[in-house]
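The structure appears right after this line, and notes come after that.
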Amino acid sequence: MQCCTGFALKEPMRSILVQWCLRICLILVASRPICAGSIDYRQEMVNFVAAIAARAHATNAEFGVIQQNASELGAYSNQLATITAISHEDVYYGYDRAGMATDSNTVQYLETNLDVFKNAGRPVFTLNYPFKNKNKASFKAKDLAKVNDAYARSLAKGYIPFATVRELSALVVNPGHEPTPNVPAVTNWSQIAEWIVQLQPAKRQTRAPFLSALGASKYDMVVIDYSFDGSGGTEFTAEEITVLKNQLGGKVVAYLSIGEAEDYRW
């Protein structure tokens, strides 16, 4: 997709991303309009996501497409028809900076947009950053109060909450919100009540322990990066993903940033 920034997702890269996603049958799409002008870039993104979903569903009807952020895309009916769910950052904590409550006007705006997805029958996952330290969670009373607030407000709206560190570099299990074993295994998106995101390994954490810890967590859904360190050459294999899914008894989702011209992640 060509944008006015001069950034384009070239066909070889597009093919690689889709092939990997087809192997694990799940994808988390970061969809955020990045340009303005005569072209409706929101519509272009909606069309791109629809093309990815159509190609995937031709191979696996259970393939899931989860939108990340850009809640205003709920105004596009074909986006609602395409996606499986939406995840949104900073709804209650972290919009301006990690550890800070999101201002009430922004909360209201986001909730209004997210309710469009919820009312269309799409699960809404909230991802909040109540911890000041971007790499390490703290469960002191004041921090735990923020965690509990984020969970309570999400649940009151019918959303599915998770609170973690800004860098997404830790497997955070919030006290009082621990996951329960998935018996029987989670097979439908509507069953997901507990989820986690860890895109980066913790400091000095190697590949096998990283995957093993996620598998032992028993969350209903785990979101990980396309590769171990977010770069080429360390992509997770189909075998690794299968083992992880079996250990979890839940869903494994690949995070792919397709809506931003960034060089820090595939």
### Task
Filter the stretch 229-258 down to residues that are part of a strand (DSSP E or B) and out of contact with any helix residue (DSSP H, G or I) (no Cβ under 9 Å at 6 or more places or on another chain) and give me whichever is farthest from F63 (Cα to Cα).
S257
### Query
Among S190, S154, S231, S227, which is the only one that is touching a residue at least 12 places away in the same chain (Cβ under 8 Å) and under 19 Å from L244 (Cβ atoms)?
S227
### Query
Which one of these does G250 not meet: (1) within 20 Å of G94 (Cβ to Cβ); (2) of a type outside the set (A, V, I, L, M, F, W, C); (3) buried (at least 19 other Cβ atoms within 10 Å of the Cβ)?
(1)
### Query
Quick one: is V107 over 19 Å from W189 (Cβ atoms), hydrophobic (A, V, I, L, M, F, W, C) and under 20 Å from the mean Cα position of the chain (by Cα)?
yes
### Query
Picking from A50, A81, A56, which residue would you name as being exposed (fewer than 14 other Cβ atoms within 10 Å of the Cβ) and not β-branched (V, I, T)?
A81
### Query
So which residues in the stretch 69-128 are in a strand (DSSP E or B) and aliphatic (A, V, I, L, M), if there are any at all?
A85, I86, A101, V124, L127
### Task
Return the only residue of K203, K218 being surrounded by 17 or more Cβ atoms within 10 Å (Cβ to Cβ), among the basic types (K, R) and at pLDDT below 95.
K218
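The values are calculated or read from the model by the stated rules, or taken from the named source; none is laboratory data. Source: prediction; values computed, not measured. Because the Cβ atoms are built from the backbone with ideal geometry, glycine has one as well, and the counts that use them run over all protein chains shown.
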